[in-house]
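Take a look at the structure below.
The values are calculated or read from the model by the stated rules, or taken from the named source; none is laboratory data. On a predicted model such as this, the values are computed, not experimentally measured, just so you know. Every residue, glycine as well, gets a Cβ built from its backbone with ideal geometry; the counts of neighbours run over all protein chains shown. Ligands, DNA and RNA are stripped out before the accessible areas are found, and what is left, the full protein with its side chains, is counted by its heavy atoms. Shrake-Rupley method; radii C 1.70, N 1.55, O 1.52, S 1.80 Å.
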Amino acid sequence: MWWDERVSARFRRNLQPTLTYWSVFFSFGLCIAFLGPTLLDLRCQTQSSLSQITWVFFSQQFCLLLGSCLGGVFKRTLSQSLFALFASSLAISLVFAIIPLCHNVVVLAVVMAVAGLAMGCIDTISNMQLVKIYQKDSAIFLQALHFFVGFGALLSPLIADPFLSDTNCILSNSTANASSNLPHIRKSLVPHHPGNLSHYDLPMKGMVVTRVSYAFWIMALINLPVPIAVFFLLYKERMVPCFNGSSYPLLSADELAMEPRPAEKDDISTAAQRPQAAGGHDDLFSCCQSKNFRGASYAYFAVHITGALVLFMTDGIVGEYSGFVYSYAVEEPLLVVHKVAGYLPSLFWGFITLGRLISIPVSYRMKPATMVFINVVGVLITFLLLLIFSHSVVFLFVGTASLGLFLSSTFPSMLAYTEDILQYKGCATTVLVTGAGIGEMVLQLLVGSIIHDQGSYSFLVCGMIFGGLAFTFYAFLLFFHRMYPKPSSDIDDASPDKPAVTDDTGQYQR
């Protein structure tokens, strides 16, 4: 294997929980990407206007952000985390099954809000648990985790595509005129920017003809093994109420013999009581309690804030670029054919997924800090070249692929780097996940308004500004890393086989 025996042994020891968290993130990706392609058919199903149906995007994204903030509540014990993941992944399957039965846009928005809450919990808990299990070795496993998001996000539109309507799915006297605009409208749907297509006139009354229900039922079946996998993990851990007998350790006798002795654990727990280790991994609201701030240095807060701001910008770029690159391409000066421009979002997400796959082995050989530096510099240079060659259709495609590659590993690398700085305490995972979610929602709304007022060229200018800000915040993070107090014990530096400062016995903490 291309990693060392220590990491390999740790992976084998935690194989089932690791695969379970990866599968749950596949469920997350499956749910996050289906709404754009299917929105017109859902408009027909609910017989609503375009401006009304696009609010469903906002409902999902806002509740995803809320779920990310609240996800840490369920992370206090392993049983709470696993029950939350089980409920969330099962809720996503139920949402897929229920969506075809929603014939009112308000009901559909409520159902998508439930899906958003489930996705937010999955996002926070899965990242937290992998960081807790692997700690200094977590970068490679976080890269794999986020690959499964991309894989799910690529799969769900492919499942939906055969069932999408080729013509307007509400038959009326204006069907012929409306149908000619349908491919353009479908590709122009921008998440979280309601009303951007209100100038298109589509019929709202008439006979509904759509087969999109089959796509959702197929996705519900594909996702069903995920909650089953979480249930099996609960069963193995003796956490199912009907099978809550005596709990057995996850490690074998030989592996237990390699664990730290009680004296060592006492030393470790003593070292873990430093003031800057405020609070541990908690939900966002627990992190903000004043008792967690006592004795913490200013660098402790600065690392949290600058790390979140980097992801605010980079995840915001992912959202605004995937949402508006089609609209930018079909307008002046490029005037790309609608069908050709429709490949740009797919190309962008395809290279994000490819980049995450490549990052799995790369992250083992390269430090997270170096990967983040390459990512933010690459994003900045790509936007600069896109501005210079703004009249080139070919370079738009090249730049889109390049941007996807550079953005692909930013989140997991930044999460691993920030957690490493804070010695796996603080609230880095919750703060970073929340910052990324806010950035994705806010920057799309901001860029949508700017493009509406200033024209399509401002799309690249905004990306350049956001990329520059991400680089600036990363430079501040490096500075605060140097200022952050070093651990009083050299346990981590002395030997990679010794445990980290926190409770890291290679097994779950109940």
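Filter the range 461-485 down to residues that are more than 23 Å from the chain's Cα centre (by Cα) and among the hydrophobic types (A, V, I, L, M, F, W, C) and give me whichever is farthest from M414 (Cα to Cα). Let's see the steps before the verdict.
The first filter runs over the range 461-485 and keeps only residues more than 23 Å from the chain's Cα centre (by Cα), leaving 461, 475-476, 478-485.
Filter again for among the hydrophobic types (A, V, I, L, M, F, W, C), leaving 461, 475-476, 478-480, 483.
Values: V461: 25, A475: 13, F476: 13, L478: 12, F479: 15, F480: 14, M483: 18 Å.
Selected residue: V461.
This table checks each residue for (1) modelled with pLDDT of 90 or more; (2) open to solvent by less than 70 Å² (accessible area, probe 1.4 Å); (3) among the small types (G, A, S).
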{"position": "G455", "(1), (2), (3)": "no, yes, yes"}
{"position": "F473", "(1), (2), (3)": "yes, yes, no"}
{"position": "F480", "(1), (2), (3)": "yes, yes, no"}
{"position": "P485", "(1), (2), (3)": "no, yes, no"}
{"position": "D493", "(1), (2), (3)": "no, no, no"}
{"position": "P496", "(1), (2), (3)": "no, no, no"}
{"position": "A500", "(1), (2), (3)": "no, yes, yes"}
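Restricting attention to the range 436-446, does a residue exist that is modelled with pLDDT under 85, more than 28 Å from F383 (Cβ to Cβ) and not small (G, A, S)? No, the conditions are met nowhere in the range 436-446. Considering each of D4, D41 in turn, give the residue that is farther than 18 Å from L357 by Cα and without any contact (Cβ under 8 Å) to a residue 40 or more places away in the chain. Being farther than 18 Å from L357 by Cα and without any contact (Cβ under 8 Å) to a residue 40 or more places away in the chain holds for just one of D4, D41, which is D4.
Taking the range 22-35 as the range and being open to solvent by 20 Å² or more (accessible area, probe 1.4 Å) and over 13 Å from the mean Cα position of the chain (by Cα) as the test, only S23 passes.
Pairs meeting the criteria (first residue in the range 74-89 and free of Cβ contacts under 8 Å to residues at least 60 places away in the same chain, second residue open to solvent by 10 Å² or more (accessible area, probe 1.4 Å) and among the β-branched types (V, I, T), beta carbons under 9 Å, at least 6 apart or on different chains) are Q80/V73; A84/V73. Assessment of the range 8-21 against the conditions (within 30 Å of Y326 (Cα to Cα), open to solvent by less than 20 Å² (accessible area, probe 1.4 Å) and assigned by the TED database to the domain that holds R211) yields no matching residue.
Of all the numbered requirements in (1) modelled with pLDDT under 95; (2) open to solvent by less than 10 Å² (accessible area, probe 1.4 Å); (3) in contact with a Phe, Trp or Tyr (Cβ under 6 Å, 6 or more places away or on another chain), M414 misses one, and that requirement is (3).
Checking each residue in the range 352-371 for being crowded, with 21+ Cβ neighbours inside 10 Å and either over 16 Å from F151 (Cβ atoms) or among the aromatic types (F, W, Y) (or both) picks out S363, P368, M371.
Within the range 74-117, being of a type in the set (G, A, S) and either touching a Cys at 6+ places or on another chain (Cβ under 6 Å) or not assigned by the TED database to the domain that holds K236 (or both) holds for A84, S88, A113, A115, G116.
Please tell me if T400 is modelled with pLDDT under 90 and in contact with a Leu (Cβ under 6 Å, 6 or more places away or on another chain). Break it down into steps so the answer makes sense when it comes.
On the way: modelled with pLDDT under 90: no; in contact with a Leu (Cβ under 6 Å, 6 or more places away or on another chain): yes.
Answer is no for this residue.
Give the range 32-56 a look and list any residue that's modelled with pLDDT of 80 or more and closer than 17 Å to A436 by Cβ, or say none. The answer is I32, and nothing else.
Given the structure, is G323 buried (at least 22 other Cβ atoms within 10 Å of the Cβ), of a type outside the set (S, T, Y), without any contact (Cβ under 8 Å) to a residue 60 or more places away in the chain and assigned to a helix (DSSP H, G or I)? Lay out the reasoning, then the answer.
Details: buried (at least 22 other Cβ atoms within 10 Å of the Cβ): yes; of a type outside the set (S, T, Y): yes; without any contact (Cβ under 8 Å) to a residue 60 or more places away in the chain: no; assigned to a helix (DSSP H, G or I): yes.
The answer is no for G323.
Assess whether A153 counts as being open to solvent by 10 Å² or more (accessible area, probe 1.4 Å), at pLDDT 90 or above, assigned by the TED database to the domain that holds F57 and of a type in the set (A, V, I, L, M). Taking the combined requirement at face value, the residue does not satisfy it. Conditions: (1) within 21 Å of L164 (Cβ to Cβ); (2) in contact (Cβ under 8 Å) with a residue 40 or more places away in the chain. I98 meets all but one. Number of the miss? Tallying (1) within 21 Å of L164 (Cβ to Cβ); (2) in contact (Cβ under 8 Å) with a residue 40 or more places away in the chain, I98 fails exactly one: (2). Is it the case that A401 is of a type in the set (G, A, S) and surrounded by 24 or more Cβ atoms within 10 Å (Cβ to Cβ)? No, not satisfied.
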